[in-house]
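A.B. asks: To start, I am sharing the structure in question, which I have written as structure tokens.
The values are calculated or read from the model by the stated rules, or taken from the named source; none is laboratory data. Everything numeric here is computed off the predicted structure, so don't read it as measured data. Cβ placement follows ideal geometry from the backbone for every residue including glycine, while neighbour counts extend to all protein chains displayed. Note: accessible area is taken over every heavy atom of the protein model, side chains too, but ligands, DNA and RNA are not part of it. Shrake-Rupley method; radii C 1.70, N 1.55, O 1.52, S 1.80 Å.
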Amino acid sequence: MPDFWEHPEEAQKQMKKIKDIQAWIDGYKEIEDACEELSVAFEFVKEGIVEESEVDALYAAAIGKIEDLELKNMLRREEDKLGVVLKINSGAGGTEAQDWASMLMRMYLRWCERQGYKTSISNLLEGDEAGIKSCTVNVEGDFAYGYLKSENGVHRLVRVSPYNAQGKRMTSFASVFVTPLVDDTIEVKVEPALLSWDTFRSGGAGGQNVNKVESGVRLRYQFTDPYTGEKEEILIENTETRDQPKNKENALRQLRSILYDKELQHRLAEQAKIEAGKMKIEWGSQIRSYVFDDRRVKDHRTGYQTSDVGGVMDGDIDGFIKAFLMEFAGKQDEE
């Protein structure tokens, strides 16, 4: 089309579609090449030209590429491609629970770093002595929501607490809430008449300017559920930058993400009613236990577990994500 670039928004959407299709073609070509290389090596090993260990390595590489593409195939929903608003709240238990919440925040930040995702902490409430009471992390990158939706729920820690003088084993909880980080391609209607703003001075470390200038913003939105008629005040605080207009922009983006997620949850609930016997999506239930002394992390939904507690807390949670998607994502798509 000669006038293709005269409509930049439509052109960008089309180019994105082309990029997505090309990624599938490239992935298939990589698998095809890996299988061909494996086949040749298998013939050579019969003639004694190639060692068996080389064939084993090529086989493992080919299987890895197939599994990676298969996993990506589990992320077909519209929202899977989006970024994430990740919120962590400490449970009851004081300092120990707050320390657990901060450990989870570090775990997810390290995982995002491994994936090459961009992260920013839009709100952070520090604990009384250590750790955090809550935090909100924005994660930007392709398929961030598709992968991290597996983390939505209550995470349970069992360990001998360094904050307990008797050295007793303690159990702590923290909840993780995952919502899609909407972008400009998603239409979400925000009624200006239902919005109100407050400003406040940002607390914590950040230099004198942050404490003197009212750069923090507090957004209140009077939301009415279009399906149930229930009223709710959505409250969002943002202290991400020293620039108040920028913080307002970030808060509005989070609001749009929340409104989008409410619509998404309604659709999921309707699907669950129709297909009640197939799968239950239990947002907010206890999903995983981290038992430090027994060197065990177990996901209660899939049964997947590992003894590499240190690796998990350092961001190696791919095994849990993969097990969840392979068991549940396909069933969602069937529905």
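A.B. asks: Six or more apart or on different chains, Cβ under 8 Å: which pairs go from a residue in segment 306-322 that's under 14 Å from TRP100 (Cα atoms) and acidic (Asp, Glu) to one that's in a helix (DSSP H, G or I) and open to solvent by less than 20 Å² (accessible area, probe 1.4 Å)? Could you list them?
C.D. replies: ASP314/MET107
A.B. asks: Would you mind listing the helices (runs of 4 or more DSSP H) fully within segment 225-328 where at least 1 residues are modelled with pLDDT under 90? Don't jump to the end; show me each part of the working.
C.D. replies: On the way: elements: 244-274, 309-313, 318-324.
Here the list reads 244-274.
A.B. asks: Condition (residue is closer than 20 Å to ARG76 by Cβ and among the aliphatic types (A, V, I, L, M)) applied to segment 140-154: is it met by at least one residue?
C.D. replies: As a first pass, look at segment 140-154 and keep what is closer than 20 Å to ARG76 by Cβ: 141-152.
Applying the additional criterion that residues be among the aliphatic types (A, V, I, L, M) yields 144, 148.
Yes, segment 140-154 has at least one match.
A.B. asks: Only one of (1) open to solvent by less than 80 Å² (accessible area, probe 1.4 Å); (2) touching a Ser or Thr at 6+ places or on another chain (Cβ under 9 Å); (3) at pLDDT below 90; (4) among the aliphatic types (A, V, I, L, M) is not met by ALA92, so which one is it?
C.D. replies: Of the numbered conditions (1) open to solvent by less than 80 Å² (accessible area, probe 1.4 Å); (2) touching a Ser or Thr at 6+ places or on another chain (Cβ under 9 Å); (3) at pLDDT below 90; (4) among the aliphatic types (A, V, I, L, M), the odd one out for ALA92 is (1).
A.B. asks: While we're looking at this one, here's another question. Select the strands (runs of 3 or more DSSP E) contained entirely in segment 49-167, then report the ones holding at least 3 residues which are polar (S, T, N, Q). Steps first, answer last, please.
C.D. replies: Values: elements: 83-90, 118-126, 132-140, 153-160.
In segment 49-167, the matching strands (runs of 3 or more DSSP E) lie at 118-126, 132-140.
A.B. asks: Being open to solvent by 10 Å² or more (accessible area, probe 1.4 Å), touching a helix residue (DSSP H, G or I) at 6+ places or on another chain (Cβ under 8 Å) and not small (Gly, Ala, Ser) is the filter here; which residues of segment 139-157 pass it? Steps first, please.
C.D. replies: In the first step, residues of segment 139-157 are kept if they are open to solvent by 10 Å² or more (accessible area, probe 1.4 Å); the result is 140-143, 147, 149, 152, 154, 156.
From what is left, the residues that are touching a helix residue (DSSP H, G or I) at 6+ places or on another chain (Cβ under 8 Å) are 141-143, 147, 149.
Correct list: ASP142, PHE143, TYR147, LYS149.
A.B. asks: OK, next. For GLU67, indicate whether it is more than 30 Å from PHE328 (Cβ to Cβ) and either in contact (Cβ under 8 Å) with a residue 24 or more places away in the chain or of a type in the set (D, E, K, R) (or both). Give the derivation first.
C.D. replies: Values: more than 30 Å from PHE328 (Cβ to Cβ): no; either in contact (Cβ under 8 Å) with a residue 24 or more places away in the chain or of a type in the set (D, E, K, R) (or both): yes.
In short, no.
A.B. asks: Follow-up question, since we're still on this one. Of the residues in segment 111-138, how many are buried (at least 16 other Cβ atoms within 10 Å of the Cβ) and of a type in the set (Lys, Arg)?
C.D. replies: Total satisfying the criteria: 1.
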